[in-house]
Amino acid sequence: MWATAGRAIIQRGSLMLSLSLAWHLVWFTRVTLSLVLFLVIITRQLHRQFPLFALYSGWISVAGMAVLAVNYARFTNGYDYFVAIAVSNGVEAVLGFAIIYQMFAERVRRYPAISGMGKSVFRAVTLFFVILAVVFAWLSPGLGASHLISLYSVTQRTVRTLQCGQLVFLFLFCGYFRLSWRSRAFGIALGLGILSSTSLAVNAIHSQIATANTWSQSEYLAGLVNDSTYLIAVLVWLYYMLAPEPAPQPTDGPLPPHDLETWNRELERLLEP
Amino acid sequence: MTLAIILAILALSVPVGIRLAKGRSVAPRIAQIRSVDLRAFRNLMDPEEEQYLRRHLPPADFRRIQRQRLRAAVEYINCAAFNAAVLTHFAEAARRSPDPVTAQAAAKLIDNAIRLRSYAFRAIPKLYLAMVFPGRGVSPARVAESYELMTRQVVLLGLQYPTGEIPRAL
């Protein structure tokens, strides 16, 4: 019996080691690619077009490197690491909200018919999700080794709930009114959507299965999934920033007469029963 | 666990939203525009017509007929909103025209198409509410007016935009 238990512990230990190794590999890759993303944005002068996203990518690369340094530095402890993560994610969340709002405002700005209404609805939707997130926080307070970690976990979930809600609204609103997306703006929103939705799902599931006082396999797994998703989001952003923006195609040239007639018939069909 | 499920659903709705935002706007064709009978729609929404039916039909029959009329009106509005969406796509291309007159006409068409979809979004729940309470008067007349204005601008755009994008779709 003891031998079986011993084997189980060793297997569990090696699994945790593998998860930890995979997580750190993904983490390194993600931070490196974030830096590449920032450099791409600067060299291609995309910061003029997307200043907030440029700031965001700069922050995630610098903060990512700083958190890595804190993780491996000998003179830092767990509390320092926690503070570094909290500051990094806090600023990232603020920038994330700013990007979502800016993207929405940019989309509706060109359409005066819905500009005012859209902004009011956006604010109402945000308020609704704030209330929803507060209710979730009240119903399910976070698990953690300390009050601070619990608070961080709940805050993180609240932020992701809000971002998911705002992004769902942004996509549905633009989809319903057929507002045109430039491909890079869509890529930025897509990356944020992937990041916030997976992070929220992982946080929600993790909060149900995690134990309060131990650093278990689920912690490594959650970390691995979160960083993998982050890596995917960075790859999506890189793809959209590197891909050429399709130029708008206002075609010109004379219209053949038969095409005009077809167009007119189509209009007649609209106007007459 | 319930909370986890709710949050997971919310998280999953992001990719669905993305799909709707991107997928539905993929290359509509002019041929997709459906015929919308504005006069029939106005008849369905006419309060005098409603009063006439109310006076001449037994209450149960009136409620049944009125529900059918409202259902038909919803269909009309859905069609008009769909047409507005298709026209928006083509007007977006026209808005980039170097000709300022064409670009202006296209911008106006987009404005009206979006307004129509906005009215439709608000009018349809109103009509469904009226189906539950058939005696309640309802008149989404602004939808009809907006649709008429939009189709007038389509004529203007069609005459002013003799370019390749629209005819190729035809």
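Odds and ends about this structure:
- Pair list, Cβ under 7 Å, 6 or more apart: segment A:114-132 residue touching a residue at least 24 places away in the same chain (Cβ under 8 Å) and within 12 Å of another protein chain (Cβ to nearest Cβ), other residue part of a helix (DSSP H, G or I) and exposed (fewer than 11 other Cβ atoms within 10 Å of the Cβ): none
- Filter pass, A:Leu52 being surrounded by 15 or more Cβ atoms within 10 Å (Cβ to Cβ), in contact (Cβ under 8 Å) with a residue 60 or more places away in the chain and part of a helix (DSSP H, G or I): no
- Here segment A:97-116 is the region considered, the condition is being surrounded by fewer than 15 Cβ atoms within 10 Å (Cβ to Cβ) and among the basic types (Lys, Arg), and the residue that is nearest to B:Leu109 (Cα to Cα) is A:Arg110.
- The residue that is modelled with the lowest pLDDT, among those in segment B:23-39 that are out of contact with any helix residue (DSSP H, G or I) (no Cβ under 7 Å at 6 or more places or on another chain) and in a helix (DSSP H, G or I), is B:Gly23.
- Of residues in segment A:171-185 being assigned to a helix (DSSP H, G or I) and at the interface with another protein chain (Cβ under 7 Å from one of its Cβ atoms), the one surrounded by the fewest Cβ atoms within 10 Å (Cβ to Cβ): A:Leu172
- B:Ser35 meets the conditions (1) crowded, with 18+ Cβ neighbours inside 10 Å; (2) small (Gly, Ala, Ser); (3) in contact with a Cys (Cβ under 9 Å, 6 or more places away or on another chain) in every case but one. The failed one is (1).
- A:Tyr111, sole failed condition from (1) in contact with a Ser or Thr (Cβ under 9 Å, 6 or more places away or on another chain); (2) within 14 Å of another protein chain (Cβ to nearest Cβ): (1)
- Near pairs, Cβ below 7 angstrom, 6+ apart or cross-chain, from segment B:71-99 (at the interface with chain A (Cβ under 10 Å from one of its Cβ atoms)) to any residue that is of a type in the set (S, T, N, Q) and not in a loop (DSSP other than H, G, I, E, B): B:Val86/B:Gln32; B:Ala94/B:Thr102
- Among the residues of segment B:39-70, the one identified as more than 18 Å from B:Leu129 (Cα to Cα), in contact with a Pro (Cβ under 8 Å, 6 or more places away or on another chain) and either surrounded by 15 or more Cβ atoms within 10 Å (Cβ to Cβ) or without any contact (Cβ under 8 Å) to a residue 24 or more places away in the chain (or both) is B:Arg39.
- Residue list for segment B:45-85, filter: within 30 Å of B:Ala106 (Cβ to Cβ) and not small (Gly, Ala, Ser): B:Met45, B:Val74, B:Glu75, B:Tyr76, B:Ile77, B:Asn78, B:Cys79, B:Phe82, B:Asn83
- Lone unmet requirement of (1) free of Cβ contacts under 8 Å to residues at least 40 places away in the same chain; (2) closer than 29 Å to A:Val62 by Cβ; (3) surrounded by 21 or more Cβ atoms within 10 Å (Cβ to Cβ) for A:Val94: (3)
- Of all residues in segment A:151-166, one or more are modelled with pLDDT under 85 and surrounded by fewer than 18 Cβ atoms within 10 Å (Cβ to Cβ).
- Evaluating A:Leu190 against the criteria (1) under 17 Å from the mean Cα position of the chain (by Cα); (2) within 20 Å of A:Asn89 (Cβ to Cβ) leaves one unmet condition, (2).
- Checklist (1) in a helix (DSSP H, G or I); (2) surrounded by 14 or more Cβ atoms within 10 Å (Cβ to Cβ) applied to A:Thr76, failing item: (1)
The values are calculated or read from the model by the stated rules, or taken from the named source; none is laboratory data. On a predicted model such as this, the values are computed, not experimentally measured, just so you know. Please note: Cβ atoms are built from the backbone with ideal geometry, for glycine as well, and neighbour counts cover all protein chains shown.
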